[in-house]
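Novice: Before anything else, here's the structure in question.
Read the figures in this text as sums done on the coordinates, not as results from a lab. Predicted model, so just to flag it, every value in this text is computed and none were measured. Here the Cβ positions follow ideal geometry from the backbone for every residue, glycine too, while neighbour counts run over all protein chains shown.
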Amino acid sequence: MLERFERMTPIDRGWSADRKYHAVDAGGREYLVRISAIAECEQKKAEFEAMKKFAATGIRMSQPLEFGVCDEGRSVYQLLTWCEGEEAKELLPRLTEKEQYAYGNDAAEILKKMEQVERKAPSLAWQECYRKRVEGYIQSYRECGYRFDGDEVVIAYLQNNLDCIGERPSALMHTDFQTDNMVISPDGELAIIDFQMCGEADPYLVLSGAGVSAMYSVPFAMGQMDGYFGKFVPGDFWDKYTYYMRAEMLYTFTVGVKMESERDETLRMFDEEVESIRQSQPGIPPWYGHGYDHRKKLPRQSNPWLNLM
């Protein structure tokens, strides 16, 4: 399979254990090749099949082309189309606020298309599924060999507040939906990449990635929120958002702390969250409603949450 390419350049970015290559064939066509251990065959096959379902919705993304076994049976490969462009996390801060906000709207439209794939009606089934996931996060944290100050405050919060999720729909989703998994093409189109973290999820869990994107572009995060909800954020959203953010942060901690380049920052990631839980501060994130007054086109009081800031 690899002999068809004239050039293969390793890609040394991201947290995945996959070997990744930017491949170019004799005709100048570009591809992404991902190679994983054979032990991950079933997981990677499911990931590839999920990508095919997402691609069928028409969203801009790395298109799945081939899946198979290679390396004399020791590995599996995925052959995908190459998404030319710059990582959104890097490019967005160099754009105007209006442009950043517009790309946030685009991300919301992509998310709404994705959540129609294998959608399930609202029920408590997703809450129970996520309960098991959180229990796994807590166990992984306790076994990772590192701790942060106030960890039991966070763990108690996660154990005692899961019922805030309630009855929710779920769908097959890209569950790491944030700007470091998006690229902006030379012709200005937003595309989604890196589908390793995909599976059944509440769309609100996916939307909580806007909080990570806001670290790099508040206008983008605001555009994503407004593009998804319109003028009004439902009253129960922020409690769910806060719960999902803190749970996924605990998972991120157990991964990031094992990487020397990420360890120092990871060990500090919960400092503000611990204090916020102790003081029972409202779950509305400080970036929401601040830093970008795109609501010049709307009365500022049109969003009731802004009155609570």
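Novice: Taking the Cα centre of each part, how many Å lie between segment 16-85 and segment 175-189?
Specialist: With segment 16-85 and segment 175-189 each reduced to a Cα centre, they are spaced 17 Å.
Novice: What does the charge count around residue 92 come to, taking other residues whose C-beta lies under 13 Å from its C-beta (Lys +1, Arg +1, Asp -1, Glu -1)?
Specialist: Summing Lys/Arg as +1 and Asp/Glu as -1 gives -4.
Novice: Now for a separate question. What does the charge count around residue 153 come to, taking other residues whose C-beta lies under 11 Å from its C-beta (Lys +1, Arg +1, Asp -1, Glu -1)?
Specialist: With Lys, Arg at +1 and Asp, Glu at -1, the neighbours total -3.
Novice: Could you please report the charge total around residue 177, scoring K, R as +1 and D, E as -1 over all other residues with beta-carbon less than 11 angstrom from its beta-carbon?
Specialist: -4
Novice: I would also like to ask the following. Using only Cα atoms, find the angle between the long axis of helix 41-55 and the longest principal axis of the chain, and express it within 0 to 90 degrees, rounded to the nearest 10.
Specialist: 70 degrees
Novice: Taking square-rooted eigenvalues a ≥ b ≥ c of the alpha carbon gyration tensor, is segment 33-151 rounded, prolate or oblate, where a/c under 1.5 means rounded and, failing that, a/b exceeding b/c means prolate?
Specialist: It is rounded, given that a/c, with a ≥ b ≥ c, falls under 1.5.
Novice: Just to be sure I understand the model, the point goes 7 Å from the Cα along the line to the Cβ. What's the resulting residue 189 to residue 146 distance in nm?
Specialist: Distance between label points: 3.9 nm.
Novice: Distance cut-off 24 Å, Cα to Cα: go down the list 89/113; 120/258; 44/240 and report the pairs above it.
Specialist: Listed pairs above 24 Å: 120/258; 44/240.
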